[in-house]
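Below is one structure, written out as structure tokens; the observations come after it.
The values are calculated or read from the model by the stated rules, or taken from the named source; none is laboratory data. Model, not experiment: these values are computed from the prediction. Note: ideal-geometry Cβ built from the backbone for every residue, glycine included; neighbour counts use all protein chains shown. Only protein heavy atoms, including side chains, enter the accessible area calculation; ligands, DNA and RNA are left aside. Shrake-Rupley method; radii C 1.70, N 1.55, O 1.52, S 1.80 Å.
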Amino acid sequence: MQLEPAQLEPTTSDFRRYMGELPNGTEPEILNATENVLRLGQFWWPSTLSDGSEPSSFSRISISPQRGPLDGLDVILRTDGFYIPPFSRCRCQFGTVQVPAYCVAQLQQVQCRAPAVTGQQTVDVRFSVNDGATWGPKARFAYYAPPLFAALHPPLGSLLGVNNVSIYMFQFPTDDAVPSYCRWQGTFVTPISVGGSDHIVCPVPSHSKFAPFSHEGDDMPLTLEVSFAGLPPVWIPLPRSLNFRQHNVPVRETQELFVSPRHGVAIKGGADLTLTGSGFVFPVVNSSLVGCVFGRWYFSHGEVTSGTSMHCRAPSLFDIFPDAVPPMDVTIDLTFDGGQTRTNLNNVYSYLKDFQFDSVLPSGGLYSTQTLATLQGRNFKRTPKTYLKFGDIK
């Protein structure tokens, strides 16, 4: 049999090796004998598949990852019920742009690289096993712009991992069509939920996931990465300035928290409280996140003065519970991360009924000496450290 000249022209760059050997163990790079080219005829860039059908006849394909950056990345297309014959000549098409592909017949998948684009967009992706003569069905691939990270809030949380952390950024995918993930310390992966147009939310794992035998978290800031590509993830590290620290739950070791004073008038509030215990986060990471939590929800800013003491101001009872009827005991807890983790030790601050004064007897006295006065009224409560104030003198 005499070969036509066109049949003798394929070069080594035209061949693809697909997890198997060519006839007689001949490598593609040295395949130039006439008889070997003839024996490849039934596999040589077919215009139809091995069963005589067209490539577009298989039901669907999947692509992974499903999203990628604007400069492109390597993707894999997998077929559903379609046999890729060995030595096929494969190509991928992203929108209208065709790119070379590498077919792996044994794994029944096509590998290619998504081309770079200039803006966020979603394109149709197809592949061909016969150098573009026919194309299969479509998959969807989305391009996203590189996110610009702005802040991490809160920047610290409990060693127990009961926190959620919000990552504030610009230009990131906000739809949930493709799964997104966070990765902590390069090992532990958690799902992302979109908190709004400017931030995402990641659950924080417990410290034991990274350091099983460690009880202190302050010395090891956790690194964080995010992925918007779907599966498999394509990780984007956050800047080094944005890291997360874990701390002990305040005063958990001693189970003691002392509040002074313990009483206040309901309508006024405004008492400056001193709280003492142990295990306070000091020095603080972010002073705006430190405070007291009244009634499990009302946050009052505080100031940590040492590892065992802090101060905060008690609000009015009606700021906490507008329909409250004094007297009432209200729980008070400490937080160092904006309220996500709290002491939960059931300490209380007592709000008293407002004192009502009817009269002062006598109604006057000598300015040069002290005068014993009696105050008459209602709702008086015997409490420690009760004071009266005359003008500016307590």
Filtered residues of the stretch 136-148 (kept if surrounded by fewer than 19 Cβ atoms within 10 Å (Cβ to Cβ) and over 21 Å from the mean Cα position of the chain (by Cα)): 137, 138, 140
Tell me, please, whether a residue that is open to solvent by 40 Å² or more (accessible area, probe 1.4 Å), polar (S, T, N, Q) and under 23 Å from residue 179 (Cβ atoms) can be found in the stretch 92-113. yes
Give the number of residues within the stretch 123-136 that are out of contact with any strand residue (DSSP E or B) (no Cβ under 6 Å at 6 or more places or on another chain) and under 17 Å from residue 76 (Cβ atoms). 2
Run residue 326 past the list (1) crowded, with 22+ Cβ neighbours inside 10 Å; (2) not in a strand (DSSP E or B) and report the number of the one that doesn't hold. (1)
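Hey, among the residues in the stretch 334-393 that are modelled with pLDDT under 75 and acidic (Asp, Glu), which one's farthest from residue 205 (Cα to Cα)?
Result: 358.
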Looking only at residues in the stretch 150-197 that are outside any strand (DSSP E or B) and small (Gly, Ala, Ser), which one is surrounded by the most Cβ atoms within 10 Å (Cβ to Cβ)? 180
Subset of the stretch 43-72 that is exposed (fewer than 15 other Cβ atoms within 10 Å of the Cβ), within 41 Å of the chain's Cα centre (by Cα) and assigned to a loop (DSSP other than H, G, I, E, B) - its residue that is modelled with the lowest pLDDT: 59
Please return the ranges of strands (runs of 3 or more DSSP E) entirely within the stretch 238-317 where 3 or more residues are touching a strand residue (DSSP E or B) at 6+ places or on another chain (Cβ under 8 Å) and open to solvent by 60 Å² or more (accessible area, probe 1.4 Å). 298-304
Within the set of pairs 6+ apart or on separate chains, which have a first residue in the stretch 112-137 that is farther than 9 Å from residue 94 by Cα, a second that is among the charged types (D, E, K, R) and open to solvent by less than 20 Å² (accessible area, probe 1.4 Å), and C-beta atoms under 8 Å apart? none
Which residue, of 217, 186, 119, is at pLDDT 85 or above, more than 13 Å from the chain's Cα centre (by Cα) and within 27 Å of residue 241 (Cβ to Cβ)? 186
Tell me which residues, restricted to the stretch 343-356, are more than 30 Å from residue 307 (Cβ to Cβ) and either buried (at least 18 other Cβ atoms within 10 Å of the Cβ) or not aromatic (Phe, Trp, Tyr) (or both). 352, 353, 354, 356
Counting only residues that are of a type in the set (S, T, N, Q) and open to solvent by 40 Å² or more (accessible area, probe 1.4 Å), how many does the stretch 114-135 have? 4
Filter result for residue 288 (modelled with pLDDT of 85 or more and not aromatic (Phe, Trp, Tyr)): no
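Yes or no, residue by residue, for (1) of a type outside the set (Asp, Glu); (2) touching a Cys at 6+ places or on another chain (Cβ under 8 Å); (3) closer than 11 Å to residue 335 by Cβ:
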| site | (1), (2), (3) |
| --- | --- |
| 261 | yes, no, no |
| 279 | yes, no, no |
| 293 | yes, no, yes |
| 297 | yes, no, no |
| 303 | no, yes, no |
| 306 | yes, no, no |
Count - residues of the stretch 329-342 that are crowded, with 24+ Cβ neighbours inside 10 Å and of a type in the set (Ser, Thr, Tyr): 1
